[in-house]
Amino acid sequence: MLLGMTSEPEQQIGVGTQDAFQRLWTPHRMAYIQGENKPTGPGADDGCPFCVIPAMSDEDGLVVRRGEHVYAVLNLYPYNGGHLMTVPYRHVADYTDLSGPETAELGELTKQAMTALRTASGAQGFNIGMNQGSVAGAGIAAHLHQHIVPRWGGDTNFMPVVGHTRVLPQLLADTRKMLAEAWPTS
């Protein structure tokens, strides 16, 4: 039995039938579920957040590093703490449409992101990849972006599996500042 839990269900007004589960509310996830900030179409002028972010301050846009062709930004709806994305400035959907310099810088910023995450948070591994097209799971298919998700031993617990909830130990603004400070200079 968990510390503080009793064998009797706790009365929770307004949540339906009594049971032994506690509730962790994550109302910020509703914005993602309902598609807030998703583009209305495939064009750069159709509300693409990846086209809007570069015009914002680093702090407001959660930008960690800016390159000539590509920038690194925190994911607003992260899979794990420190979840970054490398994004070309140019509104392009397919990896094969990137120019040589864009492809090279995407790879270089990905390597630098890994170094920064290891330095700042002791990341032990990474999931790195991109979803090409909405049928492949791309949330914003019209603008290419690569995910860099740091991983640690034991970072997956019961919350995502049972509660369909991610528990992030740090605010995005604090994570952005920490990674920007740890970003390698080259």
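The values are calculated or read from the model by the stated rules, or taken from the named source; none is laboratory data. Since we're looking at a predicted model, the values are computed, not measured. Note that each Cβ is placed from the backbone with ideal geometry, even for glycine, and that neighbours are counted across all protein chains shown. SASA here: full protein model, heavy atoms, side chains in, ligands and nucleic acids out. Shrake-Rupley method; radii C 1.70, N 1.55, O 1.52, S 1.80 Å.
Here are a few things to note about the model shown:
- Residue match in the stretch 53-73 (condition: open to solvent by 50 Å² or more (accessible area, probe 1.4 Å), at pLDDT 80 or above, of a type in the set (Asp, Glu) and part of a loop (DSSP other than H, G, I, E, B)): yes
- For the stretch 76-90, the candidate set comprises residues that are farther than 15 Å from Met130 by Cα and modelled with pLDDT under 95; within that set, the residue that is surrounded by the most Cβ atoms within 10 Å (Cβ to Cβ) is Gly82.
- The single residue among Met114, Met30, Met5 that is part of a helix (DSSP H, G or I) and either modelled with pLDDT under 80 or over 21 Å from Lys177 (Cβ atoms) (or both) turns out to be Met30.
- Selection count where residues are in a loop (DSSP other than H, G, I, E, B) and modelled with pLDDT of 85 or more, scope the stretch 158-184: 2
- Positions within the stretch 98-120 being touching a residue at least 40 places away in the same chain (Cβ under 8 Å), polar (S, T, N, Q) and either buried (at least 18 other Cβ atoms within 10 Å of the Cβ) or in contact with a Leu (Cβ under 7 Å, 6 or more places away or on another chain) (or both), in sequence order: Gln112
- Summed over the stretch 121-141, residues that are of a type in the set (A, V, I, L, M, F, W, C), surrounded by 13 or more Cβ atoms within 10 Å (Cβ to Cβ) and over 17 Å from Met178 (Cα atoms) total 6.
- Residues of the stretch 142-158 that turn out to be of a type outside the set (S, T, N, Q), surrounded by 12 or more Cβ atoms within 10 Å (Cβ to Cβ) and farther than 12 Å from Val92 by Cα, as a count: 7
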